[in-house]
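No lab work stands behind these numbers, since they all come straight from the coordinates. Keep in mind that this is a model prediction, so the values were computed, not measured. Because the Cβ atoms are built from the backbone with ideal geometry, glycine has one as well, and the counts that use them run over all protein chains shown.
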Amino acid sequence: MSAFRDGLFDGWTVFVAGGTSGINLGIARRFAELGAYVAVAGRNPEKARAAADSIGRGAEGFSCDVRDYEAVRAVLERVHASRGPLDVVVSGAAGNFLAPVAGLSANGFKTVVDIDLNGTFNVFRGCYDLVRKPGASLIAITAGQAVNPMPFQAHACAAKAGVNQLVRVLAMEWGPEGVRVNGISPGPIAGTEGMARLAPTREIAEALASRIPLRRFGEVSEVAESAVFLSTSSAAYITGTILDCEGGSQLGDSRPRL
Ligand code: HXC
Ligand code: NAP
């Protein structure tokens, strides 16, 4: 049950990079339910259109690759031109696959860093002069791999660690203008592409869930509530933080043992 009430974001403009599926789509949907105009962006234009249609409430879908600064900037400018200053910008586009470093080409490593880390730079740098000042909430979607190393995840670990530091630096640089910059670090979230890739069988998923203090995967809607919270006045003094929405996963294996 959500603690947030209808109309909370009436008149707000929200942009979600990578908002055409999974966790980011859930975030976009929740902001729209609470009254915001929402623009979602991904590479695939049909997927972007379908995502916007599924959200309804005037949401729009745009196509751009976050690795291409000019393309990202062009979409942000279109949203700004039609809807005015952006109140919330979420950077959640990501790519991932399991690969040992010895099986990872230079381009494979670069691809994930380009999408996750450089893409987040492009989204945040691109929106700098288009966001509401003071008042804007910028949110990067990161992951526990940023802090805790994981085999076969060198690319994602390195990229998300960079995202966390980018969040902290931007919080310092843009705080004086009234722009808050935070991250959300989801744990394993049920029914997502990310988990299909990282925990591809039911056995692996169940083993993973059994180690989590809350003993389950999270829901997309639970991450969305965290994004909403970070954008409300209840979080007015919160910037430069990474909010773990992960059932305690990062604490380690919580199964009883001697
Ligand atoms: C080794 C691989 C690989 C694999 C791709 N590559 N898959 N290497 N093992 N399984 C290599 C390719 O061989 C190539 O290198 C390079 O990566 C780029 O591949 P492309 O297919 O050309 O890239 P592109 O079309 O840009 O696609 C990017 C992608 C793709 C990341 C590879 O999977 C994608 O579009 N993913 C988006 C959806 C997604 O991943 N969602 C999950 C995010 S969730 P060479 O040398 O051959 O040219 C998430 C999970 C949880 O992040 C959180 C953890 C951080
Ligand atoms: P997802 O469904 O695959 O969503 C990825 C989104 O990013 C899609 O909208 C995709 O659309 C877009 N995208 C990918 N590459 C892009 C690019 N180069 N340019 C523009 N858009 C691009 O993933 P998810 O599993 O929900 O994960 C969402 C976020 O949560 C990611 O940041 C991920 O790292 C993080 N996360 C997920 C989990 C989890 O359990 N799933 C755990 C921790 C962190 P297109 O393919 O059309 O481009």
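Less than 5 angstrom separates the built amide H of residue 238 from none of the residues sequence-distant by 5 or more or on a different chain.
Charge dipole (Cα centre; +1 on Lys/Arg Cβ, -1 on Asp/Glu Cβ; no other charges) of the chain amounts to roughly 300 debye. Spin-label model, residue 210/residue 233: points 7 Å from Cα along the beta carbon direction are separated by 4.9 nm. Near residue 138, the amide H atoms lying under 5 Å from its own belong to 89, 180, 181, 182; only residues 5 or more places off or on other chains count, and H is placed 1.01 Å from N. For region 58-65, 3J(HN,Hα) computed residue by residue from phi via the Karplus equation (6.51, -1.76, 1.60; θ = phi - 60°) reads x, 4, 10, x, 10, 10, 6, 9 Hz, glycine and proline entered as x. At 20 °C and 1.002 mPa s, what whole-number value in µm²/s does Stokes-Einstein give for the translational diffusion of the chain, with Rh from the Kirkwood sum over Cα pairs? Translational D for this selection: 117 µm²/s. Under the simplified labelling scheme, the residue 202-residue 97 pair shows an inter-label distance of 2.7 nm, with each label point 7 Å from Cα along Cα→Cβ. Amide H contacts of residue 244: 185, each under 5 Å away and 5 or more positions distant or on a separate chain (H built 1.01 Å from N in the peptide plane; Pro and chain starts excluded).
Computed over region 22-72, relative contact order equals 31 percent, with contacts defined as Cα pairs under 8 Å that lie 6+ residues apart.
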